[in-house]
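Written below as structure tokens is the structure these notes are about.
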Amino acid sequence: MSKSELEVQAWFISLIHDQKYPTARWAKRFSEIVGVEVELLIKGTIMFILALLVVLKEPHYLANSLLVAAPIVLTYCEPSERLSSGIMFIYWTLFGFFVLFDRILEYIPLYYIFKLAVFIGLFLPPSNPTIELIHNKVKNVQEK
């Protein structure tokens, strides 16, 4: 792994364990109930969702349900974690646009995984090493 990939991995691990985020608090509670490490629980959940998006005949139901539920839960169940109205405006505008064209865009391989990644990116803190890593990877591909 490159240095930037290790930084991204360390950053995600810090997000998983940072108790100021509701997902980290929920993951910790659930891991205590189940008796599984938090990192393993998060990785397993992500892999399960990705696998479902690949194998389901109608993955748009799962993807769109997750993308509707996440901001609603953050807004009403965790009001202290509420995103700014500007970010929510961008989120719902983009979400509506993507939903309008879901049936056309779903012919792109792994479209719903890409869609989830884009929208989850709107919830991440603006300064994170993932953006830098993606930029470097795209730049390397363009140079080849």
Please work out which residue is surrounded by the fewest Cβ atoms within 10 Å (Cβ to Cβ), limiting yourself to the stretch 53-65 and to residues that are in contact with a Phe, Trp or Tyr (Cβ under 9 Å, 6 or more places away or on another chain) and closer than 15 Å to Y91 by Cα. N64
Do we have L41 as touching a Ser or Thr at 6+ places or on another chain (Cβ under 7 Å) and outside any loop (DSSP other than H, G, I, E, B) here? yes
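Consider V73 carefully, then state whether it is modelled with pLDDT under 85, under 30 Å from P109 (Cβ atoms), surrounded by 10 or more Cβ atoms within 10 Å (Cβ to Cβ) and of a type in the set (V, I, T). Outline the logic, then answer.
Working: modelled with pLDDT under 85: yes; under 30 Å from P109 (Cβ atoms): yes; surrounded by 10 or more Cβ atoms within 10 Å (Cβ to Cβ): yes; of a type in the set (V, I, T): yes.
So V73 passes the test.
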Within the stretch 76-94, which residues are under 30 Å from P109 (Cβ atoms) and loosely packed, with under 12 Cβ neighbours inside 10 Å? T93
Which of (1) assigned to a loop (DSSP other than H, G, I, E, B); (2) surrounded by 14 or more Cβ atoms within 10 Å (Cβ to Cβ); (3) modelled with pLDDT of 80 or more; (4) not aromatic (F, W, Y) is the odd one out, the single condition L50 does not satisfy? (1)
Which residue is nearest to the chain's Cα centre (by Cα), if the candidates are limited to the stretch 95-109 and must be closer than 14 Å to L122 by Cβ and surrounded by 15 or more Cβ atoms within 10 Å (Cβ to Cβ)? F95
For residues that are among the charged types (D, E, K, R) and part of a loop (DSSP other than H, G, I, E, B), scanning just the stretch 1-38, find the one that is surrounded by the fewest Cβ atoms within 10 Å (Cβ to Cβ). K20
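The values are calculated or read from the model by the stated rules, or taken from the named source; none is laboratory data. It should be emphasised that the depicted structure is a prediction, and the values quoted were computed from it without experimental measurement. Glycine also receives a Cβ, built like all others from the backbone with ideal geometry; neighbour counts cover every protein chain displayed.
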